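Q: A single structure is presented below for examination.
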Amino acid sequence: MLALTLWLLGHAVGRPAGLAPSAASAALLVAVGEAGYLVRRWWAVRVRRAGPGLP
C-alpha cells in the first residue's frame, strides 16, 4: 500500500518513478520506522531499569 502511495505521489508532483523504485523506497521507510520503534522500546526499558536519577 505504501509503495502504491509513493508511486501515485510521484505522478501527482510530476516526478514519476517506476513501481520497483517506489517499492524499494517503501521498504526503506518501513525498515527505518521499525528500527526507530525498537530503539524507543529498548531505551524505555533501559531507563526503567536504571531507576530514579540523581537527587
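Q: Look at region 18-34 and say how many of its residues are more than 11 Å from Ala3 (Cα to Cα) and among the small types (Gly, Ala, Ser).
A: Residues flagged as more than 11 Å from Ala3 (Cα to Cα) and among the small types (Gly, Ala, Ser) within region 18-34 amount to 2.
Q: Can you tell me which residue among Ala3, Ala35 is in contact (Cβ under 8 Å) with a residue 12 or more places away in the chain and part of a helix (DSSP H, G or I)?
A: Exactly one of Ala3, Ala35 is in contact (Cβ under 8 Å) with a residue 12 or more places away in the chain and part of a helix (DSSP H, G or I), namely Ala3.
Q: If you don't mind, there's one more thing I want to ask. Just one of Val39, Val32, Val47, Val13 is β-branched (Val, Ile, Thr), out of contact with any helix residue (DSSP H, G or I) (no Cβ under 7 Å at 6 or more places or on another chain) and either loosely packed, with under 10 Cβ neighbours inside 10 Å or at positive phi (or both); which is it?
A: Val13
Values quoted throughout were computed directly from the atomic coordinates according to the rules given, and no laboratory measurement underlies them. Everything numeric here is computed off the predicted structure, so don't read it as measured data. Using ideal geometry, Cβ is built from the backbone for each residue, glycine included, and neighbour counts are taken over all protein chains shown.
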